[in-house]
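These notes concern the structure reproduced below.
The values are calculated or read from the model by the stated rules, or taken from the named source; none is laboratory data. Keep in mind that this is a model prediction, so the values were computed, not measured. A quick note on method: Cβ atoms are made from the backbone with ideal geometry, for glycine too, and the neighbour counts reach across all protein chains shown. Note: accessible area is taken over every heavy atom of the protein model, side chains too, but ligands, DNA and RNA are not part of it. Shrake-Rupley method; radii C 1.70, N 1.55, O 1.52, S 1.80 Å.
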Amino acid sequence: MLDDLEKKIIHFLQGDLPLTERPFAVLAKRIGIDEGELLDRIKLLKEQGMLRRLGATLYHQRVGFKANAMVAWCVPDDKIDETGFLMAAFKEVSHCYQRKIAEKWRYNIFTMIHGKSKKDCQGICKRIAEKTGIKDYVLLLTLKEFKKTSPRYF
Amino acid sequence: MDDIDRKLLHEIQSDFPITQRPYKDLGVRLRCSEDNILRRIKRLKKEGIIRRIGGNFDSQRIGFITTLCAAMVPDDKIEKFVTAVNKYPGVTHNYLRDHHYNVWFTFVAPNMKAISRYIDEIIKYTGVREILNFPAVKTFKILVNFDLV
């Protein structure tokens, strides 16, 4: 379990880093520890894999990816790992998860793909299908974004 | 956007320095002054290229669970449904997609019990009964870096 200091650090890092010369000194002051200790604790969170990364998140539509889609694939149980890693290796795939399936839904691997157009997304799907041999899939184009935000844990 | 902007975006997506003077250290890598780096980042934020600079945590490792939900929502109920769903702070993404399951959203919560409770509340409030719930079993990829085109 996380201790109180870790929760405080997560609280401040889940937001936006101050754009000043010494951003970690500013956060350290708010947390009530010194800058050096904060830097050490952040590095530790990263080493432990709790902090996946520290850095910028971009609006990808504005950097040239105008179309994106979720693609759900029906993958036989004994091929999930092999297929998941093959799909993850595509540079157009930003996210790839195995998910527990529900009644009325047989597609167990979910990928997010990014392209310049709808046609581009369809082409990416075809290439993934050829590479993995998984032909049973459903392409769910993103029509509208209702919400996109970073999680607030504490 | 010039070449330095592109290089800067690449660096700050994947390898933001965890140091006393991160913007100065980025400047050393890109042969710019600290001030120049700060000005560029401010501009890229203002232009809506950078969404935020901060930490991205592994939800599971810090004790949370994540799930994806798909709902079948009649057209005339979409607005009410989306408003109700988006009120939950644990809902981080919500999209309209071209499928009979048309509204897709992600939930982060302390446990699955909480998510079941939220989904029950949403069903009760909106009358939309058809909500599928797909908890993550295994993560194969979460992209760190968008190569700029």
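Identify all residues within the stretch A:121-148 that are polar (S, T, N, Q) and open to solvent by less than 50 Å² (accessible area, probe 1.4 Å); write none if there are none. Write out each step before concluding.
Looking only at the stretch A:121-148, we keep the residues that are polar (S, T, N, Q), and these are A:122, A:132, A:142.
The answer is A:Thr132, A:Thr142.
State yes or no: is B:Thr66 surrounded by fewer than 17 Cβ atoms within 10 Å (Cβ to Cβ), in the same structural domain as B:Ser116 (by TED's automatic domain parsing), out of contact with any helix residue (DSSP H, G or I) (no Cβ under 7 Å at 6 or more places or on another chain) and more than 30 Å from B:Asp5 (Cα to Cα)?
When the stated conditions are applied, B:Thr66 does not pass them.
Looking for whichever is open to solvent by 70 Å² or more (accessible area, probe 1.4 Å), polar (S, T, N, Q) and out of contact with any Ser or Thr (no Cβ under 6 Å at 6 or more places or on another chain) here; the options are B:Thr83, B:Thr126. Which one fits?
Working: B:Thr126 fails: open to solvent by 70 Å² or more (accessible area, probe 1.4 Å).
Just a single option satisfies the conditions, and that option is B:Thr83.
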Positions within the stretch A:69-98 being out of contact with any helix residue (DSSP H, G or I) (no Cβ under 7 Å at 6 or more places or on another chain), farther than 23 Å from A:Leu143 by Cβ and at the interface with another protein chain (Cβ under 9 Å from one of its Cβ atoms), in sequence order: A:Ile80, A:Asp81, A:Gly84, A:Phe85, A:Ala88, A:Ala89, A:Lys91
In the stretch B:46-58, the residues that are in a loop (DSSP other than H, G, I, E, B) and within 7 Å of another protein chain (Cβ to nearest Cβ): B:Gly48, B:Ile49, B:Asp58
Tabulated pairs, the stretch B:27-42, first closer than 15 Å to B:Phe16 by Cα, second open to solvent by 40 Å² or more (accessible area, probe 1.4 Å), C-beta under 6 angstrom, 6+ apart or interchain: B:Gly27/B:Ser33; B:Leu30/B:Ile4; B:Leu30/B:Lys7; B:Glu34/B:Lys24
Strands (runs of 3 or more DSSP E) wholly inside the stretch A:1-120 containing at least 3 residues that are open to solvent by 10 Å² or more (accessible area, probe 1.4 Å) and within 21 Å of B:Ser14 (Cβ to Cβ): A:51-58
Per-region count, the stretch B:107-123, residues touching a Ser or Thr at 6+ places or on another chain (Cβ under 8 Å) and part of a helix (DSSP H, G or I): 2
Residue match in the stretch B:11-21 (condition: more than 10 Å from chain A (Cβ to nearest Cβ) and either among the aromatic types (Phe, Trp, Tyr) or closer than 24 Å to A:Leu17 by Cα (or both)): no
Looking only at the stretch B:59-106, and only at residues there that are in a strand (DSSP E or B) and more than 10 Å from chain A (Cβ to nearest Cβ), the one that is nearest to the chain's Cα centre (by Cα): B:Ile65
B:Pro74 vs. criteria at pLDDT 95 or above and either open to solvent by 20 Å² or more (accessible area, probe 1.4 Å) or farther than 30 Å from A:Gly84 by Cβ (or both): yes
Out of A:Ile109, A:Ile101, A:Ile134, sole residue that is over 23 Å from A:His60 (Cβ atoms) and either facing another protein chain (nearest Cβ under 9 Å) or under 18 Å from the mean Cα position of the chain (by Cα) (or both): A:Ile101
Residues that are surrounded by 13 or more Cβ atoms within 10 Å (Cβ to Cβ) and either modelled with pLDDT under 95 or under 17 Å from B:Gly63 (Cα atoms) (or both), drawn from the stretch B:94-115: B:Thr106, B:Phe107, B:Val108, B:Ala109, B:Met112, B:Ala114, B:Ile115
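Would you check if B:Pro135 is assigned to a loop (DSSP other than H, G, I, E, B) and either in contact with a Cys (Cβ under 8 Å, 6 or more places away or on another chain) or not hydroxyl-bearing (Ser, Thr, Tyr) (or both)?
no
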Sole exception among (1) in a loop (DSSP other than H, G, I, E, B); (2) at the interface with another protein chain (Cβ under 8 Å from one of its Cβ atoms); (3) open to solvent by less than 20 Å² (accessible area, probe 1.4 Å) for A:Pro151, by number: (3)
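Quickly run through the stretch B:1-45 and pick out the residues that are among the β-branched types (Val, Ile, Thr), open to solvent by less than 60 Å² (accessible area, probe 1.4 Å) and assigned to a helix (DSSP H, G or I). So that I can check it myself, show each step before the final result.
Just the residues of the stretch B:1-45 that are among the β-branched types (Val, Ile, Thr), to begin with: B:4, B:12, B:18-19, B:28, B:37, B:41.
Next, from what is left, pick out any that are open to solvent by less than 60 Å² (accessible area, probe 1.4 Å): B:4, B:12, B:18-19, B:37, B:41.
Within the stretch B:1-45, B:Ile4, B:Ile12, B:Ile37, B:Ile41 meet the criteria.
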